[in-house]
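The values are calculated or read from the model by the stated rules, or taken from the named source; none is laboratory data. None of the values given here were measured: they were computed from a predicted structure. Every residue, glycine as well, gets a Cβ built from its backbone with ideal geometry; the counts of neighbours run over all protein chains shown.
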Amino acid sequence: MPRVSEAHLAARRQQILDAAARCFVRNGFHQTSMQDVIKEAGLSVGAFYRYFKSKNELIIAIATAKIGEVTGVIDGLLEDDPMPPIPVFLDAVISQVEASINADQSVRIAVQIWGEATYDEEVAEIVRGIYGRIRKRAVRAAERAIASGDLPADADPAGVGAALFGLIQGYILQRILVGSNDRRLYIDGVRALLGAPEQQPGSAARG
């Protein structure tokens, strides 16, 4: 029997994740069965279970991929010298969230994961690891902002990082639970809270 290529395995795995995301967005995590995902993916049961054994594995894999998109944006901003001011930094991250929502609505799954994490310890442990990485990056952003004078010298990076991470989650919740959320209005509100100057033309966030 010919050896299955890594590219084929990766493509099949992505096919399953895309099918699962569509099911979870359409029907919710609990209302979606493994059989629903198998049918959506168009695979046999044996082929499917070669890649994923449970819904938890599926939802964690989807979350990891989506968080990877966000951390990629953050890492790019952290490499900038100087790093953009906090409101511009936040705007760039939220722009990535918006792009994901507009593309396939899979960010909605994040809210379902947060709910699962409140009583499923397996999910909670994974969520702590995934979101802990974003929070560490947010703390690093705070350190950079303090060093550049964008934030007060006596500001606590850990506290600022936690608040910045909360602002990202808060936007997601408002966007998903309340409905349409004006990103510009949200960022202007953050800027007002920080007492930051209005963003100048030509300094808009990437993307």
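Structure values in brief
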{"item": "Residues located in segment 166-183, provided they are over 19 Å from Ala99 (Cβ atoms) and either of a type outside the set (Val, Ile, Thr) or touching a His at 6+ places or on another chain (Cβ under 8 Å) (or both)", "result": "Gly166, Leu177"}
{"item": "Candidates Glu69, Glu6, Glu40, Glu57, filtered to the one that is within 21 Å of Val93 (Cα to Cα) and free of Cβ contacts under 8 Å to residues at least 60 places away in the same chain", "result": "Glu69"}
{"item": "Residue list for segment 23-35, restricted to those being surrounded by fewer than 18 Cβ atoms within 10 Å (Cβ to Cβ) and at pLDDT 90 or above", "result": "Ser33, Met34, Gln35"}
{"item": "Meets criteria (under 20 Å from the mean Cα position of the chain (by Cα), over 20 Å from Arg128 (Cα atoms) and at pLDDT 90 or above) for Ile38", "result": "no"}
{"item": "Segment 82-105 residues that are assigned by TED's automatic domain parsing to the domain that holds Gly166, paired with ones that are hydroxyl-bearing (Ser, Thr, Tyr) and surrounded by fewer than 16 Cβ atoms within 10 Å (Cβ to Cβ) (beta carbon under 7 Å, 6 or more apart)", "result": "Pro82/Ser148; Met83/Ser148; Val88/Ser203"}
